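Undergrad: So that we are looking at the same thing, I have put the structure below in structure tokens.
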Amino acid sequence: RTEFALKEIMSSGGAEDDIPQAERKTVTDFCYLLDKSKQLFNGLRDLPQYGQKQWQSYFGRTFDVYTKLWKFQQQHRQVLDNRYGLKRWQIGEIASKIGQLYYHYYLRTSETSYLNEAFSFYSAIRQRSYYSQVNKEDRPELVVKKLRYYARFIVVCLLLNKMDVVKDLVKELSDEIEDYTHRFNTEDQVEWNLVLQEVAAFIEADPVMVLNDDNTIVITSNRLSETGAPLLEQGMIVGQLALADALIIGNCNNQVKFSELTIDMFRMLQALEREPMNLASQMNKPGMQESTEKPARRENPHKYLLYKPTFSQLYTFLAASFKELPANSVLLIYLSATGVFPSGRSDSEGPYDFGGVLTNSNRDIINGDAIHKRNQSYKEMHCLHPGDLYPFTRKPLFIIVDSSNSVAYKNFTNLFGQPLVCLLSPTAYPKALQDQSQRGSLFTLFLNNPLMAFLFVSGLSSMRRGLWEKCQDYLRKINRDIAQLLTHSRSIDQSFLQFFGDEFLRLLLTRFVFCSATMRMHKIFRETRNYPESYPQLPRDETVENPHLQKHILELASILDVRNVFLENTLDDY
């Protein structure tokens, strides 16, 4: 293929003999690197998506070839322009592939710094207008490459919370799509317009805006910062377990999504990451970083993001995570999914008798939250039942279920005596809040951004930055107090404390208690199904109904002038 391309190029550039040997070698080397890079890149698709070791050497080789290719075209641009006819969109293609490599490396490692690397390459394409000439060529497939570049760039910007850039990109993408569908009478117009609608809905999913004095929107990050998790008191005895692996599963019908991320998945993945460090700031040019270089801080837990998985896909990834879990480590399973309820009455109360959450059946799903099957004597097949997770409780397991049938997981049994906790969402919300479900679950919002969730249930939709920061400070104090309530409790199940040594899990547990206490005090959350639950149960009087914590929640409500939304008389019961 390279030889053929070479002959074509050389003959079009004049008599073959007129071309100096060195220049001919430059073009030959470039063609070789370009071919090699494409082969390696296409081979990435064939790598197993699960298992953390098999893919690393292949990624390393692909990075090396792309780094060489990028430097090579920079050093020999003049010759490649004259003799190869290198076009700017082709340089853009190389940069785009490198951006994709870094993004996929982030997905494989959960190291957020690689997102910054992807961003730097995608930004360079836009700043240097590499794709600007594409519209002049009568080739729709080139325009599609440009549109796909925009969609990928938007995903990276969303993950880095660069919302101002996202808005600019969406406007540019919209113009590009209009131009594309106007020039080429294509069949994929509907699909591209759907991409625009999805990203617009994704941007607007947050129910509360934080505003600067000039009314511009403040971009808030919900990744773990240095001061994020409440510190442990000196001498406090908690478990030494570390969160090593997480499965984040999204299978809600009709929830806002972009790419293969639902808004719930997007929020939860950020709750399991630290703020990214910018590796690019240490380098002269992007792409010079060795792929083996590791940031100094403790790594993020590894994550698998599964959008609408079938049962077999889910189980395969779960088994891979379980197999590779290091000693003294925790596996977290986050399920944001439509509830599946048992259709027949069962005399027994086993781990397959309460239904569970939906797994994809590879065919169109019947609309509606509850999915019923015809034969009532069998169990639901396209469903993850609590019993399906029993084999994996041989290692420390931390489960979060956000579903209309989360309570199915309350009937867990700890068979092997390993640390095991399930945090379970309310199964229904008061009518006034129900119409928000498309924009993500309230329970997951509490675990990701508790202040925003608190403002939302208090009926607030916007807030000044100064007040937001004041409330965040107060919420940190509440979190510290919740951490003390949990560690000082005499009757708490030890599983909670065994997970408490890990920063991410500690923050999730304290936010869960804050969420539960807030809902129990709220005037419109009056049914038990409106409250989160847990397995094992938390001692209520020492945690979610503790008077000291209730007093704090009322004080936070006072700062926001929404005290009338909450019950005061809960304090009188004690």
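Undergrad: Say whether the condition of being in a helix (DSSP H, G or I), open to solvent by 10 Å² or more (accessible area, probe 1.4 Å) and more than 30 Å from residue 300 (Cβ to Cβ) is met by at least one residue in segment 151-171. Reasoning before the result, please.
TA: Of segment 151-171, the ones in a helix (DSSP H, G or I) are 151-159, 163-171.
Adding the requirement that they be open to solvent by 10 Å² or more (accessible area, probe 1.4 Å) leaves 151-152, 155, 163-165, 167-168, 170-171.
So of that shortlist, the ones also more than 30 Å from residue 300 (Cβ to Cβ) come out as 171.
There is at least one residue in segment 151-171 that is in a helix (DSSP H, G or I), open to solvent by 10 Å² or more (accessible area, probe 1.4 Å) and more than 30 Å from residue 300 (Cβ to Cβ).
Undergrad: Anything in segment 246-279 that is buried (at least 23 other Cβ atoms within 10 Å of the Cβ) and in contact with a Pro (Cβ under 6 Å, 6 or more places away or on another chain)? List them, or say none.
TA: 246, 272
Undergrad: How many residues, within segment 524-549, are free of Cβ contacts under 8 Å to residues at least 60 places away in the same chain, within 31 Å of the chain's Cα centre (by Cα) and more than 30 Å from residue 418 (Cα to Cα)? Outline the logic, then answer.
TA: Residues of segment 524-549 free of Cβ contacts under 8 Å to residues at least 60 places away in the same chain: 528, 537-542, 544-545, 547.
Subset that is within 31 Å of the chain's Cα centre (by Cα): 528, 537-538, 544.
From what's left, more than 30 Å from residue 418 (Cα to Cα): none.
Looking only at that region, the number is 0.
Undergrad: Working only within segment 439-453, note down all residues that are in contact with a helix residue (DSSP H, G or I) (Cβ under 6 Å, 6 or more places away or on another chain) and of a type outside the set (A, V, I, L, M, F, W, C).
TA: Those that are in contact with a helix residue (DSSP H, G or I) (Cβ under 6 Å, 6 or more places away or on another chain) and of a type outside the set (A, V, I, L, M, F, W, C): 440, 441, 444, 448, 450.
Undergrad: Turning to a different aspect of this structure: Please list, ordered by first then second residue, the pairs with beta carbon atoms under 6 Å, 6 or more apart or interchain, first in segment 407-423 and in the same structural domain as residue 328 (by the TED database), second surrounded by fewer than 15 Cβ atoms within 10 Å (Cβ to Cβ).
TA: 416/394
Undergrad: Residue check: is residue 432 within 16 Å of residue 527 (Cα to Cα), in a loop (DSSP other than H, G, I, E, B) and either in contact (Cβ under 8 Å) with a residue 40 or more places away in the chain or open to solvent by 10 Å² or more (accessible area, probe 1.4 Å) (or both)? Step through it out loud before you land on a result.
TA: Values: within 16 Å of residue 527 (Cα to Cα): yes; in a loop (DSSP other than H, G, I, E, B): no; either in contact (Cβ under 8 Å) with a residue 40 or more places away in the chain or open to solvent by 10 Å² or more (accessible area, probe 1.4 Å) (or both): yes.
Considered against the rule, which asks whether it is within 16 Å of residue 527 (Cα to Cα), in a loop (DSSP other than H, G, I, E, B) and either in contact (Cβ under 8 Å) with a residue 40 or more places away in the chain or open to solvent by 10 Å² or more (accessible area, probe 1.4 Å) (or both), residue 432 comes out as no.
Undergrad: Report, by residue number, each residue of segment 55-94 that is without any contact (Cβ under 8 Å) to a residue 60 or more places away in the chain and aromatic (Phe, Trp, Tyr).
TA: Correct list: 55, 58, 72, 89.
Undergrad: List pairs: first residue in segment 217-232 and assigned to a loop (DSSP other than H, G, I, E, B), second residue of a type in the set (Lys, Arg) and open to solvent by 20 Å² or more (accessible area, probe 1.4 Å) anywhere in the structure, Cβ distance under 8 angstrom, at least six positions apart or on different chains.
TA: Partner pairs satisfying both residue conditions: 218/465; 219/162; 223/274; 225/274; 227/476; 230/476; 230/480; 231/480.
Undergrad: If you don't mind, there's one more thing I want to ask. Here are some conditions: (1) in a helix (DSSP H, G or I); (2) of a type in the set (S, T, N, Q); (3) modelled with pLDDT of 90 or more. Residue 82 meets all but one. Which one does it not meet?
TA: (3)
Undergrad: Related question: Kindly indicate which of 514, 500 is open to solvent by less than 50 Å² (accessible area, probe 1.4 Å), part of a helix (DSSP H, G or I) and in the same structural domain as residue 413 (by the TED database). Break it down stepwise before answering.
TA: Numbers: 500 fails: part of a helix (DSSP H, G or I).
One residue alone meets the criteria, 514.
Undergrad: Still on this structure, I have one more. Looking at 59, 72 in this structure, which one is assigned by the TED database to the domain that holds residue 36 and either open to solvent by 10 Å² or more (accessible area, probe 1.4 Å) or touching a Cys at 6+ places or on another chain (Cβ under 8 Å) (or both)? Explain how you work it out, then say what you get.
TA: Working: 59 fails: either open to solvent by 10 Å² or more (accessible area, probe 1.4 Å) or touching a Cys at 6+ places or on another chain (Cβ under 8 Å) (or both).
None of the others qualify; the one that does is 72.
Undergrad: Identify all residues within segment 126-146 that are basic (Lys, Arg) and open to solvent by 50 Å² or more (accessible area, probe 1.4 Å); write none if there are none.
TA: Of all residues in segment 126-146, those basic (Lys, Arg) come to 126, 128, 136, 139, 145-146.
Result: 126, 128, 136, 139, 145.
Undergrad: Further question: Check 437, 458, 462 and return the single one that is over 30 Å from residue 233 (Cα atoms), within 23 Å of the chain's Cα centre (by Cα) and in contact (Cβ under 8 Å) with a residue 60 or more places away in the chain. Step through it out loud before you land on a result.
TA: Working: 458 fails: within 23 Å of the chain's Cα centre (by Cα); 462 fails: within 23 Å of the chain's Cα centre (by Cα).
Of 437, 458, 462, the one residue that is over 30 Å from residue 233 (Cα atoms), within 23 Å of the chain's Cα centre (by Cα) and in contact (Cβ under 8 Å) with a residue 60 or more places away in the chain is 437.
Undergrad: Name the residues in segment 517-532 that are assigned to a helix (DSSP H, G or I) and open to solvent by 10 Å² or more (accessible area, probe 1.4 Å), would you?
TA: Filtering segment 517-532 down to residues assigned to a helix (DSSP H, G or I) leaves 517-521, 528-530.
The answer is 520, 528, 529.
Undergrad: Got a number for residues in segment 109-141 being at pLDDT 90 or above and not in a loop (DSSP other than H, G, I, E, B)?
TA: Final tally of qualifying residues: 14.
Undergrad: Which of the residues spanning segment 488-546 are among the polar types (S, T, N, Q), in contact with a strand residue (DSSP E or B) (Cβ under 6 Å, 6 or more places away or on another chain) and at pLDDT 95 or above? First the steps, then the outcome.
TA: So the first thing to find is which residues in segment 488-546 are among the polar types (S, T, N, Q), and the list is 489, 491, 494-495, 498, 510, 516, 518, 528, 530, 534, 537, 543, 546.
Adding the requirement that they be in contact with a strand residue (DSSP E or B) (Cβ under 6 Å, 6 or more places away or on another chain) leaves 495, 534.
Correct list: 534 only.
Undergrad: Is one or more of the residues making up segment 324-338 open to solvent by 40 Å² or more (accessible area, probe 1.4 Å) and in contact with a strand residue (DSSP E or B) (Cβ under 6 Å, 6 or more places away or on another chain)?
TA: First, pick out the residues of segment 324-338 that are open to solvent by 40 Å² or more (accessible area, probe 1.4 Å): 324, 326-328.
Restricting the remaining residues to those that are in contact with a strand residue (DSSP E or B) (Cβ under 6 Å, 6 or more places away or on another chain) gives 326.
Yes, some residue in segment 324-338 is open to solvent by 40 Å² or more (accessible area, probe 1.4 Å) and in contact with a strand residue (DSSP E or B) (Cβ under 6 Å, 6 or more places away or on another chain).
Undergrad: Against the definition (open to solvent by less than 20 Å² (accessible area, probe 1.4 Å), of a type outside the set (A, V, I, L, M) and at positive phi), how does residue 123 come out, yes or no?
TA: no
The values are calculated or read from the model by the stated rules, or taken from the named source; none is laboratory data. In this text the structure is predicted, and so the values were computed from the model without any measurement. Neighbour counts are summed over all protein chains in view; Cβ atoms, including those assigned to glycine, are modelled from backbone coordinates with ideal geometry. Side chains are part of the model used for accessible areas, which takes the heavy atoms of the whole protein and leaves out ligands, DNA and RNA. Shrake-Rupley method; radii C 1.70, N 1.55, O 1.52, S 1.80 Å.
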